[in-house]
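Peer 1: Sharing a structure with you now.
The values are calculated or read from the model by the stated rules, or taken from the named source; none is laboratory data. Everything numeric here is computed off the predicted structure, so don't read it as measured data. Please note: Cβ atoms are built from the backbone with ideal geometry, for glycine as well, and neighbour counts cover all protein chains shown.
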Amino acid sequence: MSKDSKFCPGCGQTMILQTLYRILQEQKSEEKAVLGLDIGCSLLAWDFLPINTFQTHHGRVTSTMVGFNRARPDLLSFAYTGDGGAYAIGLQSLLWAAKRNDPITVIVANNAVYAMTGGQTAPTTMHGQKTDTSPAGYDAEPVDGMKLIRSVNEKAYLARTAVNEMKDMKQHLEKAIQSQRDGNFSMIEILSFCPTNWRVKGPAMIEYVNNMKESFPVGEF
Amino acid sequence: MENNKQFLTGHEVVVQACIDADATHMFGYPITPGTEILSGWIKKCQDNKDLHFLQTEDEIAAGFTVCGALMAGSKSFTATAGPGTVLMQDAMGMADGMRLPFVTIIAQRGGPSSGTVIYSQQEVNLAIHGGNGEGLRIVYSPSTVEELYVLTRKTFNVAWEYRFPSVLLTDGYLLKTKQDVVLNFVGENVEPKPLVSEHTQKNIRNIYTFEQELMDELTNQKQDFDEMAKEVTEFESYKVESCDELIIAHGIVGAAARDAVDELKKQGKNVGLFRPITLSPFPKDELNKLCKQVKKIMIVESSMGQLKDLVKQNLDTQVEIDGLYKPAVGIETEEIIKLFK
């Protein structure tokens, strides 16, 4: 159903994208879906799924999809981004899209680092986590995207899940799409594997993501 | 035609031109001296439900919402100025890379920084070369309120015909001018086409894996740009027949220079005017033709030399260059006449 993956072996993003595509197939909505891509590892999704996709700029996918949606509100607008694109360089546009309740679905892959550039501190880097730019360990708390967006939008569908909870991920994405169809903003944050920058293997990745859930509780918000 | 005269500001003329170009969506952020294009468009949206707007959180969002709406096939645009034109380069760069028919109206103000708020001719370089690429953009510089109308419509039409980002480069003096004006609607509008829709399955990128891929893409873009230039390049040559000195000016300074040429002719001085209407693509052939005939060119602009640089880049002929350069300050007819004492 998809072309060859350009992501690193073991990356969580293919699981997110394939789940999204499975839902679109079930809903017979592949032709109605448009997937905008932020820059960062998200850009690697550009020819992964057989649906309309386009790359944008770093931090700019949300506003691009807001514009797309305003021109074609009858299609399904998805903004696919990493944690840096969502909560750092693109935060202003994300907050305002949420505040205006623009009916788009933002999907945030949270791997706690800037991965494409080699593992620098991200808005979601956890207290004590060592990164390329926090070699002594990060000395602050991460951004909680769920709380932040809820503070500006009461109607939005907001949920956090993880790539090792596929059933929940699918349900949350389905509800997010329904929220968009109902005319509301939605955002799903998905805790995702980054074996390359976490420098961990197989079973340890599961453990790493499960530990992340202490900083980033999963569920609906 | 007398009946068609309307008493309008430059801002109002631009808004009407956008409507007459069949634009449907404006995304913008208030900034002097361009704000009245946004507020004027929003007023039109109150009565016309086919028109849409969004006042965005900043110019970056204004630019990218335009990009998204263009992808979907809507004739959308923005208007900005000064520091806003700087922020707009992010989205214009994406439009450069993906050949989006991005239309922006730039109301030049003084710089650098927040500078002054009404007037300059200092955003020529930004309009053409503000992105991290090769500056393959179409840039119109109108000199009168009538031209504001004609060239605003044209900006949309060339953008959608040739798919290069296109700029209407003006300033607060011209936009705030209120006068009797005849809006001269000539020619059909180009139909918008979506890049993606339910009838396509496209994967569109702006990042390339290999250096050669990007160079091939840019080589194709340059070929298309040069082909387009043959159709689009515009200029005004005013009283240049056998003149031996040539004024070169653009935009509102070009209008002052035209009056100066009339007065100088009365005084028996053989001075003509060359006014590029498209600053990009630049009317190179006509410039060089005229420069073979004259002894000296006199560049007049409200910048320290952004037009001069464009002229020098395009000049193949040896000719003496002099000029009047007043950054962010208006230039009156009398000052231009005095240059020829």
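Peer 1: Report, by residue number, each residue of the range A:130-159 that is among the small types (Gly, Ala, Ser), touching a residue at least 12 places away in the same chain (Cβ under 8 Å) and over 28 Å from residue A:103 (Cβ atoms). Quick ask: steps written out before the conclusion?
Peer 2: So in the range A:130-159, the residues among the small types (Gly, Ala, Ser) come out as A:134, A:136-137, A:140, A:145, A:151, A:156, A:159.
Then drop every residue that is not touching a residue at least 12 places away in the same chain (Cβ under 8 Å), which leaves A:134, A:140, A:145, A:156, A:159.
Within the range A:130-159, A:134, A:140 meet the criteria.
Peer 1: Before we move on, is residue B:296 of a type outside the set (S, T, N, Q) and free of Cβ contacts under 8 Å to residues at least 40 places away in the same chain? Can you show your working first?
Peer 2: Numbers: of a type outside the set (S, T, N, Q): yes; free of Cβ contacts under 8 Å to residues at least 40 places away in the same chain: no.
For residue B:296, the condition - of a type outside the set (S, T, N, Q) and free of Cβ contacts under 8 Å to residues at least 40 places away in the same chain - is not met.
Peer 1: Next question, about the same structure. Can you name the number of the only condition in (1) surrounded by fewer than 18 Cβ atoms within 10 Å (Cβ to Cβ); (2) among the acidic types (Asp, Glu); (3) closer than 18 Å to residue B:143 by Cβ that residue B:301 fails?
Peer 2: Condition not satisfied by residue B:301: (1).
Peer 1: Could you check the range B:306-341 and list, in sequence order, the residues that are among the basic types (Lys, Arg) and buried (at least 18 other Cβ atoms within 10 Å of the Cβ)?
Peer 2: Restricting attention to the range B:306-341, the residues satisfying the condition of being among the basic types (Lys, Arg) are B:308, B:312, B:326, B:338, B:341.
Within the range B:306-341, B:308 is the sole residue that qualifies.
Peer 1: Here's another thing I want to ask about it. The conditions are (1) under 29 Å from residue A:55 (Cβ atoms); (2) more than 14 Å from chain A (Cβ to nearest Cβ); (3) of a type outside the set (Gly, Ala, Ser), and residue B:117 fails exactly one of them. Which is it?
Peer 2: For residue B:117, the exception is condition (1).
Peer 1: While we're on this one: Would a scan of the range B:135-157 turn up a residue that is surrounded by fewer than 20 Cβ atoms within 10 Å (Cβ to Cβ), more than 14 Å from chain A (Cβ to nearest Cβ) and closer than 30 Å to residue A:40 by Cα?
Peer 2: Yes, the range B:135-157 contains a residue that is surrounded by fewer than 20 Cβ atoms within 10 Å (Cβ to Cβ), more than 14 Å from chain A (Cβ to nearest Cβ) and closer than 30 Å to residue A:40 by Cα.
Peer 1: Another question, if that's okay. May I ask you to list the residues in the range B:28-71 that are within 22 Å of the chain's Cα centre (by Cα), polar (S, T, N, Q) and more than 14 Å from chain A (Cβ to nearest Cβ)?
Peer 2: B:32, B:35, B:39
Peer 1: Same structure, new question: Only one of B:197, B:242 is small (Gly, Ala, Ser) and either within 20 Å of the chain's Cα centre (by Cα) or modelled with pLDDT of 95 or more (or both). Can you tell me which?
Peer 2: Unique residue meeting the criteria: B:197.
Peer 1: Scan the helices (runs of 4 or more DSSP H) fully inside the range A:20-129 and keep the ones with 2 or more residues being within 14 Å of chain B (Cβ to nearest Cβ) and more than 17 Å from residue B:94 (Cα to Cα).
Peer 2: Output list reads A:61-71, A:91-99.
Peer 1: Evaluate the range A:169-179: report whether one residue or more is in contact with a helix residue (DSSP H, G or I) (Cβ under 6 Å, 6 or more places away or on another chain) and assigned to a loop (DSSP other than H, G, I, E, B).
Peer 2: The answer is no, given that none of the residues of the range A:169-179 is in contact with a helix residue (DSSP H, G or I) (Cβ under 6 Å, 6 or more places away or on another chain) and assigned to a loop (DSSP other than H, G, I, E, B).
Peer 1: So, one more: Name every residue in the range A:188-211 that is of a type in the set (S, T, N, Q) and in contact (Cβ under 8 Å) with a residue 12 or more places away in the chain, in order of residue number.
Peer 2: If the condition is that a residue be of a type in the set (S, T, N, Q) and in contact (Cβ under 8 Å) with a residue 12 or more places away in the chain, then A:192, A:196, A:197, A:210 are the ones that fit.
Peer 1: Residues in the range B:69-81: is at least one of a type in the set (Gly, Ala, Ser), within 17 Å of residue B:127 (Cα to Cα) and in contact with a Leu (Cβ under 8 Å, 6 or more places away or on another chain)? Explain how you work it out, then say what you get.
Peer 2: Narrowing the range B:69-81 to residues of a type in the set (Gly, Ala, Ser): B:69, B:72-74, B:76, B:79, B:81.
Checking which are within 17 Å of residue B:127 (Cα to Cα) leaves us with B:79, B:81.
Checking the rest, the ones that are also in contact with a Leu (Cβ under 8 Å, 6 or more places away or on another chain) come to B:79.
Yes, the conditions are met somewhere in the range B:69-81.
Peer 1: Pick out the one residue from B:246, B:279 that is in contact with a Gly (Cβ under 6 Å, 6 or more places away or on another chain), not β-branched (Val, Ile, Thr) and not assigned by TED's automatic domain parsing to the domain that holds residue B:154.
Peer 2: Only one candidate qualifies: B:246.
Peer 1: Does at least one position in the range B:205-215 carry a residue that is crowded, with 24+ Cβ neighbours inside 10 Å and of a type in the set (A, V, I, L, M, F, W, C)?
Peer 2: No: zero hits.
Peer 1: Here is a further query. Need pairs with beta-carbon distance below 8 Å; first residue on the phi > 0 side of the Ramachandran plot and within the range A:36-55, second crowded, with 23+ Cβ neighbours inside 10 Å and not hydroxyl-bearing (Ser, Thr, Tyr); sequence gap 6+ or separate chains.
Peer 2: Within 8 Å, the pairs are A:40/A:82; A:40/A:84; A:40/A:85; A:40/A:115.
Peer 1: Between a residue in the range A:160-172 that is at pLDDT 95 or above and hydroxyl-bearing (Ser, Thr, Tyr) and any residue that is buried (at least 17 other Cβ atoms within 10 Å of the Cβ) and not in a helix (DSSP H, G or I), which pairs come within a Cβ distance under 6 Å, given they are 6 or more apart or on different chains?
Peer 2: Correct list of pairs: A:161/A:190; A:161/A:218.
Peer 1: Which residues, counting only those in the range B:1-50, are touching a residue at least 40 places away in the same chain (Cβ under 8 Å), buried (at least 20 other Cβ atoms within 10 Å of the Cβ) and farther than 21 Å from residue B:67 by Cα?
Peer 2: B:8, B:10, B:11, B:13, B:16, B:33, B:36
Peer 1: Within the range B:180-193, identify whether any single residue is modelled with pLDDT of 95 or more and within 14 Å of another protein chain (Cβ to nearest Cβ), and answer yes or no.
Peer 2: yes
Peer 1: Okay, next question. Please pick out the residue among A:54, A:7 that is crowded, with 24+ Cβ neighbours inside 10 Å and of a type in the set (Phe, Trp, Tyr).
Peer 2: It is A:54.
Peer 1: I would also like to ask the following. Output yes when any residue across the range B:203-217 is away from chain A (no Cβ under 14 Å), free of Cβ contacts under 8 Å to residues at least 60 places away in the same chain and of a type outside the set (Asp, Glu), and no when none is.
Peer 2: yes
Peer 1: Could you please find all residues in the range B:138-172 being in contact with a helix residue (DSSP H, G or I) (Cβ under 7 Å, 6 or more places away or on another chain) and either without any contact (Cβ under 8 Å) to a residue 12 or more places away in the chain or farther than 22 Å from residue B:253 by Cα (or both)?
Peer 2: Within the range B:138-172, B:158, B:162, B:164, B:165 qualify.
Peer 1: Further, regarding this structure: So which residues in the range A:175-217 are touching a Gly at 6+ places or on another chain (Cβ under 6 Å) and not aromatic (Phe, Trp, Tyr)?
Peer 2: A:189, A:192, A:195, A:197
Peer 1: Here is a follow-up. Have a look at B:237, B:242 and point out the one that is within 21 Å of residue B:277 (Cα to Cα) and more than 14 Å from chain A (Cβ to nearest Cβ). Lay out the reasoning, then the answer.
Peer 2: Numbers: B:242 fails: within 21 Å of residue B:277 (Cα to Cα).
Of B:237, B:242, the one residue that is within 21 Å of residue B:277 (Cα to Cα) and more than 14 Å from chain A (Cβ to nearest Cβ) is B:237.
Peer 1: With the checklist (1) closer than 18 Å to residue A:33 by Cα; (2) part of a strand (DSSP E or B) in hand, flag the one item residue A:161 doesn't pass.
Peer 2: Checking residue A:161 against (1) closer than 18 Å to residue A:33 by Cα; (2) part of a strand (DSSP E or B), the one that fails is (1).
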